[in-house]
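Here's the structure, in C-alpha coordinates; my notes come after.
The values are calculated or read from the model by the stated rules, or taken from the named source; none is laboratory data. Owing to the predicted nature of the structure, the values given are computational and were not obtained by experimental measurement. Surface accessibility is based on the protein's heavy atoms, side chains included, excluding ligands, DNA and RNA. Shrake-Rupley method; radii C 1.70, N 1.55, O 1.52, S 1.80 Å.
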Amino acid sequence: MDHSYVDIEKAKQDNMIKGSRNYFGFYVHQKMPYPGDMTSDWMTLSSAYIISSANDMGKYLQWYISDSHPEILSKENRQRMFSETVNAADNYKYGFGWGVVSSEGRELYLHGGNVENYTTYMIIVPEKKIGIIALTNSCDFFVADGYTVSIPMNTAYEIINWDTNDISENDYMYKHLMYDLIKLILTAACSLPVWRYKKWRNKNNNKILSGIFIAVIHIIVPTLLLTVFSITMDRPLFVVRRFAPDVFITQCICTVCLYGTGLLKIINLIKKNKELKAK
(Lines give C-alpha, C1' and ligand atoms only; values in the text may rest on other atoms or scores of the structure.)
Protein backbone atom coordinates (compact mmCIF):
# COMPACT_ATOMS: atom_id res chain seq x y z
CA MET A 1 0.00 0.00 0.00
CA ASP A 2 2.10 2.84 -1.38
CA HIS A 3 -0.55 5.56 -1.28
CA SER A 4 -1.93 5.32 2.25
CA TYR A 5 -1.17 7.82 4.98
CA VAL A 6 -1.82 9.01 8.51
CA ASP A 7 -0.08 12.30 7.72
CA ILE A 8 -2.15 14.75 5.69
CA GLU A 9 0.85 16.75 4.48
CA LYS A 10 2.43 13.64 2.95
CA ALA A 11 -0.92 12.75 1.38
CA LYS A 12 -1.15 16.21 -0.18
CA GLN A 13 2.30 15.72 -1.72
CA ASP A 14 0.88 12.54 -3.30
CA ASN A 15 -1.93 14.55 -4.97
CA MET A 16 -4.63 13.93 -2.39
CA ILE A 17 -7.98 15.03 -3.84
CA LYS A 18 -9.81 17.88 -2.11
CA GLY A 19 -12.74 17.02 0.14
CA SER A 20 -16.15 18.69 0.12
CA ARG A 21 -18.92 19.44 2.56
CA ASN A 22 -22.57 19.79 1.65
CA TYR A 23 -24.51 23.02 2.09
CA PHE A 24 -28.22 22.72 1.25
CA GLY A 25 -27.52 20.26 -1.58
CA PHE A 26 -24.44 22.06 -2.96
CA TYR A 27 -20.90 20.77 -2.47
CA VAL A 28 -18.17 23.16 -1.38
CA HIS A 29 -14.47 22.21 -1.33
CA GLN A 30 -13.44 22.75 2.25
CA LYS A 31 -10.34 21.92 4.24
CA MET A 32 -11.06 20.57 7.73
CA PRO A 33 -8.73 20.10 10.71
CA TYR A 34 -6.83 16.82 10.74
CA PRO A 35 -6.57 14.99 14.11
CA GLY A 36 -2.93 15.91 14.53
CA ASP A 37 -3.98 19.56 14.65
CA MET A 38 -7.02 19.12 16.85
CA THR A 39 -7.20 19.72 20.57
CA SER A 40 -10.68 18.18 20.97
CA ASP A 41 -11.64 15.34 18.67
CA TRP A 42 -14.88 13.54 17.92
CA MET A 43 -12.99 10.85 15.98
CA THR A 44 -9.25 10.37 15.98
CA LEU A 45 -6.58 8.31 14.33
CA SER A 46 -6.90 5.39 13.89
CA SER A 47 -10.69 5.23 14.33
CA ALA A 48 -10.92 7.52 11.30
CA TYR A 49 -8.91 9.90 9.08
CA ILE A 50 -6.72 7.21 7.49
CA ILE A 51 -6.03 8.40 3.93
CA SER A 52 -5.84 5.88 1.09
CA SER A 53 -6.57 5.25 -2.58
CA ALA A 54 -8.94 2.83 -4.31
CA ASN A 55 -5.96 0.79 -5.52
CA ASP A 56 -4.48 0.50 -2.05
CA MET A 57 -7.82 -0.38 -0.50
CA GLY A 58 -8.20 -3.09 -3.14
CA LYS A 59 -4.92 -4.58 -1.91
CA TYR A 60 -6.16 -4.29 1.67
CA LEU A 61 -9.34 -6.26 0.90
CA GLN A 62 -7.40 -8.84 -1.14
CA TRP A 63 -5.28 -9.48 1.94
CA TYR A 64 -8.40 -10.35 3.93
CA ILE A 65 -9.64 -12.91 1.41
CA SER A 66 -6.26 -14.49 0.71
CA ASP A 67 -3.67 -16.46 2.65
CA SER A 68 -0.95 -13.89 1.97
CA HIS A 69 1.32 -12.24 4.55
CA PRO A 70 0.56 -14.45 7.57
CA GLU A 71 3.43 -12.66 9.35
CA ILE A 72 1.10 -9.65 9.69
CA LEU A 73 -1.88 -11.67 10.86
CA SER A 74 -2.58 -15.35 10.37
CA LYS A 75 -5.57 -16.49 8.34
CA GLU A 76 -7.09 -18.01 11.49
CA ASN A 77 -6.88 -14.74 13.37
CA ARG A 78 -8.27 -12.86 10.39
CA GLN A 79 -11.33 -15.11 10.49
CA ARG A 80 -11.76 -14.39 14.20
CA MET A 81 -12.49 -10.77 13.24
CA PHE A 82 -15.68 -11.98 11.55
CA SER A 83 -16.57 -14.98 13.72
CA GLU A 84 -16.14 -13.60 17.25
CA THR A 85 -19.07 -11.22 17.16
CA VAL A 86 -21.85 -9.71 19.23
CA ASN A 87 -25.45 -9.22 18.10
CA ALA A 88 -25.99 -5.56 17.21
CA ALA A 89 -29.33 -5.74 15.34
CA ASP A 90 -31.54 -8.17 13.44
CA ASN A 91 -29.35 -10.20 11.05
CA TYR A 92 -26.40 -7.94 11.95
CA LYS A 93 -23.44 -8.77 14.15
CA TYR A 94 -20.29 -6.82 14.94
CA GLY A 95 -16.83 -8.31 15.22
CA PHE A 96 -13.39 -6.75 15.41
CA GLY A 97 -14.06 -3.61 13.35
CA TRP A 98 -16.31 -5.41 10.85
CA GLY A 99 -20.06 -5.76 10.63
CA VAL A 100 -21.47 -9.12 9.55
CA VAL A 101 -24.79 -9.28 7.69
CA SER A 102 -26.31 -12.73 7.27
CA SER A 103 -29.36 -14.07 5.48
CA GLU A 104 -30.29 -17.38 3.85
CA GLY A 105 -27.04 -18.94 5.10
CA ARG A 106 -24.90 -16.30 3.38
CA GLU A 107 -22.79 -13.55 4.88
CA LEU A 108 -21.33 -10.18 3.95
CA TYR A 109 -18.59 -8.38 5.86
CA LEU A 110 -18.85 -4.61 5.89
CA HIS A 111 -17.20 -1.55 7.29
CA GLY A 112 -17.51 2.14 6.51
CA GLY A 113 -17.42 5.59 7.90
CA ASN A 114 -17.01 9.23 7.17
CA VAL A 115 -15.21 12.34 8.28
CA GLU A 116 -16.30 15.91 7.61
CA ASN A 117 -15.43 15.92 3.91
CA TYR A 118 -14.89 12.28 2.85
CA THR A 119 -17.00 9.10 2.96
CA THR A 120 -16.12 5.44 2.38
CA TYR A 121 -17.71 2.01 2.51
CA MET A 122 -16.26 -1.44 1.88
CA ILE A 123 -17.71 -4.92 1.66
CA ILE A 124 -16.27 -8.43 1.45
CA VAL A 125 -18.28 -11.22 -0.17
CA PRO A 126 -16.48 -14.18 1.47
CA GLU A 127 -18.07 -17.02 -0.53
CA LYS A 128 -16.99 -15.36 -3.81
CA LYS A 129 -13.73 -13.94 -2.43
CA ILE A 130 -14.65 -10.52 -3.78
CA GLY A 131 -13.99 -7.16 -2.14
CA ILE A 132 -15.86 -3.94 -3.03
CA ILE A 133 -14.86 -0.41 -2.02
CA ALA A 134 -16.53 2.97 -2.55
CA LEU A 135 -14.56 6.15 -1.81
CA THR A 136 -16.01 9.65 -2.17
CA ASN A 137 -14.41 13.03 -1.55
CA SER A 138 -17.51 14.46 0.12
CA CYS A 139 -19.72 14.24 3.17
CA ASP A 140 -23.47 14.69 2.86
CA PHE A 141 -24.61 13.13 6.11
CA PHE A 142 -28.38 12.97 5.56
CA VAL A 143 -28.56 12.14 1.84
CA ALA A 144 -25.58 11.25 -0.36
CA ASP A 145 -23.65 9.30 2.30
CA GLY A 146 -26.43 6.72 2.15
CA TYR A 147 -25.83 6.33 -1.59
CA THR A 148 -22.12 5.78 -0.96
CA VAL A 149 -23.21 2.82 1.14
CA SER A 150 -25.91 1.61 -1.28
CA ILE A 151 -23.60 1.38 -4.32
CA PRO A 152 -21.27 -1.33 -2.91
CA MET A 153 -24.19 -2.92 -1.03
CA ASN A 154 -26.26 -3.30 -4.21
CA THR A 155 -23.20 -4.62 -6.03
CA ALA A 156 -22.69 -7.26 -3.34
CA TYR A 157 -26.40 -8.12 -3.34
CA GLU A 158 -26.28 -8.67 -7.10
CA ILE A 159 -23.33 -11.01 -6.71
CA ILE A 160 -25.11 -13.28 -4.23
CA ASN A 161 -28.61 -12.81 -5.71
CA TRP A 162 -30.15 -10.80 -2.88
CA ASP A 163 -32.80 -8.17 -3.64
CA THR A 164 -31.24 -4.77 -4.33
CA ASN A 165 -32.46 -1.39 -3.09
CA ASP A 166 -32.75 0.59 -6.29
CA ILE A 167 -32.18 4.36 -6.39
CA SER A 168 -34.40 6.43 -8.67
CA GLU A 169 -32.89 8.94 -11.07
CA ASN A 170 -34.08 12.01 -9.15
CA ASP A 171 -33.93 10.54 -5.66
CA TYR A 172 -31.00 12.71 -4.55
CA MET A 173 -32.66 15.93 -5.73
CA TYR A 174 -36.04 15.10 -4.18
CA LYS A 175 -34.53 14.23 -0.81
CA HIS A 176 -32.48 17.42 -0.67
CA LEU A 177 -35.46 19.51 -1.71
CA MET A 178 -37.47 17.92 1.09
CA TYR A 179 -34.78 18.59 3.70
CA ASP A 180 -34.19 22.13 2.43
CA LEU A 181 -37.94 22.83 2.51
CA ILE A 182 -38.06 21.69 6.14
CA LYS A 183 -35.14 24.00 6.99
CA LEU A 184 -36.79 26.89 5.16
CA ILE A 185 -40.14 26.41 6.93
CA LEU A 186 -38.38 26.10 10.30
CA THR A 187 -36.33 29.26 9.66
CA ALA A 188 -39.43 31.19 8.55
CA ALA A 189 -41.40 30.06 11.61
CA CYS A 190 -38.59 31.05 13.99
CA SER A 191 -38.14 34.40 12.23
CA LEU A 192 -41.84 35.26 12.55
CA PRO A 193 -41.55 36.62 16.14
CA VAL A 194 -38.85 39.03 14.93
CA TRP A 195 -41.17 40.55 12.30
CA ARG A 196 -44.09 40.62 14.72
CA TYR A 197 -42.15 42.04 17.67
CA LYS A 198 -43.14 45.69 17.06
CA LYS A 199 -46.83 44.74 16.94
CA TRP A 200 -46.44 42.62 20.10
CA ARG A 201 -44.65 45.45 21.92
CA ASN A 202 -47.47 47.91 21.24
CA LYS A 203 -50.17 45.54 22.52
CA ASN A 204 -51.42 45.57 26.11
CA ASN A 205 -50.09 42.06 26.92
CA ASN A 206 -51.22 39.98 29.87
CA LYS A 207 -48.14 39.41 32.01
CA ILE A 208 -48.91 35.80 32.98
CA LEU A 209 -49.86 34.66 29.48
CA SER A 210 -46.90 36.54 27.99
CA GLY A 211 -44.56 34.92 30.50
CA ILE A 212 -45.82 31.43 29.61
CA PHE A 213 -45.57 32.19 25.89
CA ILE A 214 -42.01 33.47 26.25
CA ALA A 215 -40.98 30.45 28.32
CA VAL A 216 -42.33 28.00 25.74
CA ILE A 217 -41.55 29.72 22.42
CA HIS A 218 -38.42 31.64 23.31
CA ILE A 219 -36.70 29.36 25.82
CA ILE A 220 -37.92 25.76 25.54
CA VAL A 221 -38.24 25.59 21.72
CA PRO A 222 -34.76 27.05 20.85
CA THR A 223 -33.15 24.94 23.58
CA LEU A 224 -34.72 21.82 22.04
CA LEU A 225 -33.48 22.92 18.59
CA LEU A 226 -29.93 23.13 19.92
CA THR A 227 -30.08 19.79 21.73
CA VAL A 228 -32.25 17.70 19.37
CA PHE A 229 -29.30 15.80 17.83
CA SER A 230 -27.65 15.27 21.21
CA ILE A 231 -30.91 13.77 22.48
CA THR A 232 -31.97 11.71 19.45
CA MET A 233 -28.65 10.78 17.80
CA ASP A 234 -26.08 11.18 20.59
CA ARG A 235 -24.25 13.85 18.56
CA PRO A 236 -22.95 16.99 20.32
CA LEU A 237 -23.51 20.35 18.65
CA PHE A 238 -19.92 20.74 17.44
CA VAL A 239 -20.25 17.44 15.55
CA VAL A 240 -23.40 18.75 13.82
CA ARG A 241 -21.41 21.86 12.83
CA ARG A 242 -18.64 19.75 11.31
CA PHE A 243 -20.70 17.03 9.62
CA ALA A 244 -23.92 18.86 8.70
CA PRO A 245 -23.03 22.57 8.39
CA ASP A 246 -26.32 23.54 6.72
CA VAL A 247 -28.27 22.05 9.63
CA PHE A 248 -26.02 23.93 12.07
CA ILE A 249 -26.59 27.21 10.18
CA THR A 250 -30.36 26.64 10.37
CA GLN A 251 -30.11 25.89 14.09
CA CYS A 252 -28.11 29.08 14.70
CA ILE A 253 -30.51 31.33 12.76
CA CYS A 254 -33.54 29.86 14.49
CA THR A 255 -32.15 29.99 18.02
CA VAL A 256 -30.77 33.54 17.63
CA CYS A 257 -34.18 34.71 16.39
CA LEU A 258 -36.09 33.02 19.22
CA TYR A 259 -33.67 33.72 22.08
CA GLY A 260 -33.06 37.29 20.91
CA THR A 261 -36.75 38.19 20.48
CA GLY A 262 -37.55 36.51 23.79
CA LEU A 263 -34.95 38.65 25.55
CA LEU A 264 -36.43 41.81 24.01
CA LYS A 265 -39.90 40.75 25.13
CA ILE A 266 -38.69 40.13 28.70
CA ILE A 267 -37.03 43.56 28.78
CA ASN A 268 -40.22 45.12 27.41
CA LEU A 269 -42.39 43.42 30.05
CA ILE A 270 -40.08 44.54 32.86
CA LYS A 271 -40.12 48.09 31.50
CA LYS A 272 -43.93 48.15 31.29
CA ASN A 273 -44.19 46.72 34.81
CA LYS A 274 -41.95 49.48 36.18
CA GLU A 275 -44.00 52.12 34.36
CA LEU A 276 -47.21 50.75 35.90
CA LYS A 277 -45.70 50.79 39.40
CA ALA A 278 -44.50 54.36 38.86
CA LYS A 279 -48.07 55.40 38.09
Rounded to the nearest Å, the spacing of the alpha-carbon centers of region 70-94 and region 159-200 is 39 Å
³J(HN,Hα), Karplus 6.51/-1.76/1.60, whole Hz, each residue of region 87-96, x for Gly, Pro:
6, 10, 6, 4, 6, 9, 10, 10, x, 8
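Considering only protein heavy atoms and a probe of 1.4 Å, how much of the accessible area of the chain is carbon and sulfur, as a whole percent? Don't skip to the answer; put the middle values down first.
Details: 10290 of 17160 Å².
Reported share for carbon and sulfur atoms: 60 percent.
Using just the alpha carbons, could you tell me how many Å³ per residue the convex hull of region 70-126 encloses?
On the way: hull volume 6.1 nm³, N = 57.
Per residue, the Cα convex hull of region 70-126 comes to 107 Å³.
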Give the value in nm², to one decimal: projected area of the alpha carbon convex hull of region 1-139, averaged over all directions.
10.5 nm²
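Mind checking the per residue accessible area of region 1-127 for me, 1.4 Å probe, whole number of Å²?
On the way: 7670 Å² over 127 residues.
Accessible surface, normalised per residue, equals 60 Å².
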Quote the Stokes-Einstein diffusion coefficient, in whole µm² s⁻¹, for region 180-251, based on the Kirkwood radius over alpha carbon pairs, a temperature of 10 °C and a viscosity of 1.306 mPa s.
114 µm²/s
So how compact is the chain: Cα radius of gyration and Dmax in angstrom?
25.5, 92
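Need one number for region 104-220: average projected area of the convex hull over its C-alpha atoms, nm². The partial results should precede the final answer.
On the way: hull surface 47.8 nm².
Here the figure is 12.0 nm², rounded to one decimal.
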What are the ³J(HN,Hα) couplings of region 219-225, residue after residue, when phi is run through the Karplus curve with 6.51, -1.76, 1.60 and θ = phi - 60°? Round to Hz, x for glycine and proline.
10, 5, 4, x, 5, 5, 4
